[in-house]
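**Q** Sharing a structure below in structure tokens format, with a few things to ask.
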Amino acid sequence: MPKKTPFYVMNNSHEIEHALLTHLLSRVALEEEIQRNTTDPFPKENELEKFSRADSSIEAIVNYLFTRRQNMFINVFYRYMESGNLKNPLVIRPWLFPEEMLYDALSSEAGTHTVFIVGAHHGSEVARFSDLASVQECVLFEPVPDNFKVLCDKVRHLGKYVHAIEAAISDTIGSLNFYDSTNQGNGSLLAPTNFEKEQFGTEIKEIISVDSITLDFYCSISQIFPTVLWIDVQGAEMHVIRGSGLALRDCIYIYIEVSVWRGLYSGGSCLLDIDKFLNSLGYLCIQLGTDLGNGTGNALYKRKS
């Protein structure tokens with residue numbers, strides 16, 4: 001029997017080169033679900049079909065979503081979220097879809113993989129990667145000493161499968177300030193903006209000095225190169241990528257946090273900056289999933305074949 005297409009993947013019937021679009025699937029699903037429970041007026045046209053006939057670049061997607069968020073959509077969305085009427089996973093947790101698409105690809109495609117996790121924190125992703133037969137090793141980077149201790153304790157039983165490095169990854173080799181956060185896992189090399197504080201209640205707990213290296217430096221010394229790069233660095237994504245020219249030589253997938261409209265951290269990059277740079281390196285966004293309200297979430301990129 002042919003393999004069933006995962007429900008979170010959109011068939012490319014309109015030859016959309018860039019992605020997805022979980023946003024658009026989410027909006028269609030949400031509008032259909034709300035229309036079953038309310039008389040609130042929503043456009044009748046199929047938004048996904050309408051958008052498919054237009055420019056499908058990431059820039060067009062961002063502009064389209066920004067325009068649409070100005071209307072009543074967001075208020076209705078949150079009202080129904082609070083009511084508990086929304087059950088469709090396309091609607092309530094779209095930011096998880098790039099992650100699910102990555103796991104599905106690694107479990108179904110031929111070949112073996114080395115996974116680098118930049119900003120590993122306590123290693124919550126490691127267990128799932130270790131269950132995939134295709135993943136041969138994981139390299140974890142975490143700069144905060146307290147987090148690094150927890151991380152090592154958590155992954156010690158995996159032995160040689162895991163390499164844990166106590167360092168930040170950026171485009172600089174040396175010492176950098178790290179803004180540790182009141183929100184676990186939201187610390188960054190960059191200071192949080194008011195937008196981050198408003199959306200997630202993040203405040204600076206303390207500023208500490210951490211060691212920083214580039215991925216190019218680590219790969220040249222270790223001769224270990226990622227085929228999957230997972231970047232979870234709270235706004236400092238471009239700093240990681242700019243220091244990774246050599247490191248990306250074998251990299252097929254890049255999973256990365258994104259903010260569509262506004263930076264969460266001072267000097268941080270938004271989706272368009274990341275997309276333009278990764279396009280120049282030969283990567284295309286194949287899945288985009290973010291919060292429909294604030295535009296923050298994750299994206300999955302794949303190297304062009």
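The values are calculated or read from the model by the stated rules, or taken from the named source; none is laboratory data. Note that the coordinates shown come from a computational prediction; the quantities given were computed from them, not determined experimentally. Every residue, glycine as well, gets a Cβ built from its backbone with ideal geometry; the counts of neighbours run over all protein chains shown.
**Q** Just need a number here: residues in segment 174-226 that are of a type in the set (Val, Ile, Thr) and in contact with a helix residue (DSSP H, G or I) (Cβ under 6 Å, 6 or more places away or on another chain). Write out each step before concluding.
**A** Let us first name the residues in segment 174-226 that are of a type in the set (Val, Ile, Thr), namely 182, 193, 202, 204, 207-208, 210, 213-214, 221, 224.
Of the ones still in play, those that are also in contact with a helix residue (DSSP H, G or I) (Cβ under 6 Å, 6 or more places away or on another chain) are 202.
Looking only at that region, the number is 1.
**Q** Now for a separate question. Can you name the residue in segment 270-295 that is buried (at least 22 other Cβ atoms within 10 Å of the Cβ) and among the polar types (S, T, N, Q) and, of all such residues, is nearest to Gly201 (Cα to Cα)?
**A** Thr290
**Q** Could you please tell me which pairs satisfy a Cβ distance under 6 Å, a separation of 6+ or placement on different chains, a first residue in segment 152-171 that is charged (D, E, K, R), and a second residue that is surrounded by fewer than 16 Cβ atoms within 10 Å (Cβ to Cβ)?
**A** These pairs meet every condition: Asp171/Arg242.
**Q** Consider Gly111 against the criteria (1) within 21 Å of Cys219 (Cα to Cα); (2) crowded, with 16+ Cβ neighbours inside 10 Å: it satisfies all of them except one. Which criterion is unmet?
**A** Single failed check for Gly111: (2).
**Q** Taking helices (runs of 4 or more DSSP H) that fall entirely within segment 55-132, which contain at least 2 residues that are closer than 30 Å to Val144 by Cα and modelled with pLDDT under 60? Steps first, answer last, please.
**A** Numbers: elements: 58-68, 73-83, 89-92, 97-108, 126-130.
Passing ranges: none, list empty.
**Q** With Tyr179, Tyr265 as the choices, which residue is modelled with pLDDT of 90 or more and of a type in the set (Phe, Trp, Tyr)? Before the answer, list the steps.
**A** On the way: Tyr265 fails: modelled with pLDDT of 90 or more.
Criteria check complete, one pass: Tyr179.
**Q** Cβ-Cβ distance below 7 Å, separation of 6 or more or different chains: which pairs start in segment 102-116 with a residue that is on the phi > 0 side of the Ramachandran plot and end on one that is polar (S, T, N, Q) and surrounded by 12 or more Cβ atoms within 10 Å (Cβ to Cβ)?
**A** Gly111/Ser134
**Q** Tally up the residues in segment 173-191 that are assigned to a strand (DSSP E or B) and over 18 Å from Glu237 (Cβ atoms), please.
**A** First, the residues of segment 173-191 that are assigned to a strand (DSSP E or B): 174-181, 188.
Adding the requirement that they be over 18 Å from Glu237 (Cβ atoms) leaves 174-175, 180.
Going through segment 173-191 one residue at a time, the tally reaches 3.
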